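Okay, structure first, notes after.
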Amino acid sequence: METWIIFVILYGLLKGSREPIKKNLLKKVNVLTSLFVYTFIGFLMSVPTATGVFDVPPHIFAWIFVKSASLFVAWILSFTVLKKLPVSTYGVTDMSRVIFSTLMGVIFLHESLTVKGVCSLILVVSGLYLANRKTSTNKEGYNIRHILLLYLSCFLNGISGTLDKYIMSSGAITSSALQFWFMLILSLMYLAYILIKKEKLELKKALTSPGLYVLSFSLIFGDRLLFMANSDPASKVTIMTLIKQCSAVVTIVLGKVLYHEKNIVKKLLCALIILTGIALAIL
């Protein structure tokens, strides 16, 4: 197995473990404070290992800003929705980003979509449909609006993932410099939004929540692995996005263990359908 695939699998496992921690954090701290402190601590953690920070070409920096702006909105939506949705439902629905990233990889990066890739997407879409039928939403106390907002978040995450590949494949920036700048820009965006909207900044609650530091470290370490995978010429956005979805299994299982959520067997079956599509894509 190629190194970049191992990096993406590890990223997926880390990502899957973050969602239950976020859910618990959001019970104590509001969304915008959580996002600001989460990203700013992540930025501080990225500083010691950052190299080539001031050697970034202007056009690459502009794309980093676009990436940061897309994540600024995506994370507000995802954190807001996570407060309402069961963690396991969130995990399955979040797998929809594979559809957006695959299409963007084909359209903008000119990656090929083979017959095998099309079959993979069909399995992914089927699993998502079964997981989010109206009967499921009625049983678990959320509505279709929450699902649609999460889909929008996944679309914006797809933009970010496509830009990761474009930026890193340029060879004009190190993975640590990309992480340094996008975390700094994202932190400043959240702080500015809080000040403009005059939102309550619950710093004491946030800074005394151990889970927040775990989240920030997981984000920095996971993203560094992902950026290194993106820098490998052999890696493809279409394949990486499929592999990342192993995160859903971790999220679903933790949703059952930590929050005693319902319909876990059904969600695991839906995730299995989607993971079958992933396996088809990488074998």
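The values are calculated or read from the model by the stated rules, or taken from the named source; none is laboratory data. Remember, predicted model here, so these are calculated numbers, not experimental data. Cβ sites come from the backbone with ideal geometry, for glycine too, and all protein chains shown count toward neighbours. When the accessible area is computed, the model is the full protein with side chains, heavy atoms only, and any ligands, DNA or RNA have been set aside. Shrake-Rupley method; radii C 1.70, N 1.55, O 1.52, S 1.80 Å.
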| said: Leaving out ligands and nucleic acids, and using a 1.4 Å probe, what accessible area per residue does the chain come to in Å²? | reply: 44 Å²
| field | Label selected from [x] 28, 20, 19; [y] 34, 21, 19; [z] 27, 25, 16, the criterion being semi-axes √(5λ) of the Cα gyration tensor in Å as computed here | value | [z]
| Short version: ³J(HN,Hα) in whole Hz for each residue of the range 251-256, in order, from phi by Karplus 6.51 cos²θ - 1.76 cosθ + 1.60 (θ = phi - 60°), x for Gly and Pro, what are they? | 5, 5, 4, 5, x, 6
| said: So if I take the centroid of the Cα atoms in the range 244-277 and the same for the range 8-50, what is the distance between those two points in Å? | reply: 21 Å
| Cleavage-rule hits, trypsin sites (Lys or Arg not before Pro), the range 20-73, DSSP coil, Cβ neighbours within 10 Å at most 15 | 27, 28
| task | For the range 6-15, take each phi angle, set θ = phi - 60°, evaluate the Karplus expression 6.51 cos²θ - 1.76 cosθ + 1.60, and give the result in whole Hz per residue in order, putting x for glycine and proline. | result | 4, 4, 5, 4, 4, 4, x, 5, 5, 4
| Surface share of carbon and sulfur [accessible, 1.4 angstrom probe, percent] for the range 57-116 | 78 percent
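Whenever you get a sec, compute what percent of the accessible area on the range 226-283 sits on carbon and sulfur atoms (1.4 Å probe).
75 percent
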| Computed accessible area, residue 223, all protein chains, 1.4 angstrom probe, square angstrom | 10 Å²
| note | Here the relative contact order (percent) of the chain, from C-alpha pairs under 8 Å and at least 6 apart, is 43 percent
